[in-house]
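Take a look at the structure set out below.
The values are calculated or read from the model by the stated rules, or taken from the named source; none is laboratory data. Treat the numbers as computed from the prediction; the structure is a model and nothing was measured. All Cβ positions, glycine included, derive from the backbone under ideal geometry; neighbour counts span all protein chains shown. Quick note on the areas: whole protein, heavy atoms, side chains included, nothing else; ligands and nucleic acids left out. Shrake-Rupley method; radii C 1.70, N 1.55, O 1.52, S 1.80 Å.
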Amino acid sequence: MSTPSLDSSPIRRLTLRDLTACADLSEDRGWPREEHKWGLLLAAGKGYGIDDPGGGLVTACIITEYGPQRQPAFAAIGMVLVARRHARRGVGRRLTRHVVAAMGTTPLTLHATPSGRPLYEEFGFKVTGRAEMLRGRLLPPATRQAVATRAATAGDLPAILRLDEEVFGADRTHIVTRLPAFADQLRVAEESGQLIGYAAAWPNMETHVVGPLIARDTATAQALLASLAEHTDRPLRTDIDVWHEELLGWAKDHGLSSVAFNDVMTYGVTELPGDRSRRFAPVTVAAG
């Protein structure tokens, strides 16, 4: 029996029923399975993939849209993976071409690894920023944080949504409203009763990933990071925009180490919307 060509195998939408297959694909490429993260992305975004005739997936990716449903302000591409046995056969290029075409005029963004960047440059993506991944156990600051933080409550959600849209530059209610169930911690920073920042820490294998991290300034971001570290016994991992040199320096001075860099790339826009000065870390690089 002949094996169907991957060039003619249909690209289909993925659903939560594909979660295990997506996690298997991650593991096949030497990534952590990250089933918890895959679950969020498949629920809040649009998954695309090609089935392997032998079982599982040949390739997969996730598109996460932001803003109005009918005409998104922009969308993020993430989790672009090709099974090891099908690598270097143009499958990833075919899937990327498909999703870029499917998004039409919607501006796109993604975080690219050094090995993935050349592929996206072929499609016209441009490097517009950079993020540094940090990992480790954050040491308690020597002095008490000047910014007050506390655990978020259900009553904080409207204010969190307003702040998030203002800073992010687009509505992402479909992500933020999932954070209370997705994250182990959701904390806010306040001043005079006004919300000036918020951050989440969600479980990913043996770490807690800090993201999103939205804060009025570096001092607020430091206080949120420190408060999240205080309430977990796991190492932290986060991806900080390199524009925030002061926070990166502080985090490294307090025990976190640099792990990797990713290029932030955009297509159809020269820069992302929102307020970069208050946008410190994404929920996950896979969702922009």
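Here are the numbers for the structure shown:
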quantity	calculated
Degrees between helix 35-44 axis and first principal axis of the chain (Cα, 0 to 90, nearest 10)	80 degrees
Considering only the chain, percent of DSSP beta bridges that pair antiparallel, nearest 5	90 percent
Gaussian network model of the chain, Cα within-10 Å springs - most flexible of 60, 75, 87	87
Rounded to 10°, Cα long-axis angle of helix 19-28 versus longest principal axis of the chain	90 degrees
Percentage relative contact order, the chain, counting C-alpha pairs under 8 Å, at least six apart	23 percent
Over region 222-288, relative contact order from alpha-carbon pairs under 8 Å, at least 6 apart, %	43 percent
Residue (of 211, 192, 179) at the positive-pole extreme of region 148-215, dipole from beta-carbon charges	179
If the convex hull is drawn through the Cα atoms of region 68-166, its volume per residue in Å³	211 Å³
The chain: most fluctuating residue of 213, 110, 157 per GNM, C-alpha cutoff 10 Å	157
Average accessible area per residue (Å²) across region 97-146 - probe 1.4 Å, nucleic acids and ligands excluded	58 Å²
Estimated D of region 131-184 in µm² per second, where Rh is the Kirkwood radius over Cα pairs and Stokes-Einstein applies at 10 °C, 1.306 mPa s	114 µm²/s
Å³ per residue enclosed by the Cα convex hull of region 69-113	81 Å³
Sorted largest first, extent of region 128-257 alpha carbons per principal axis (Å)	34, 32, 31
Using distinct alpha-carbon pairs, which all enter the 1/r mean, Kirkwood radius of the chain in Å	19.6 Å
With every protein chain in place, the chain: carbon and sulfur % of accessible area (1.4 Å)	50 percent
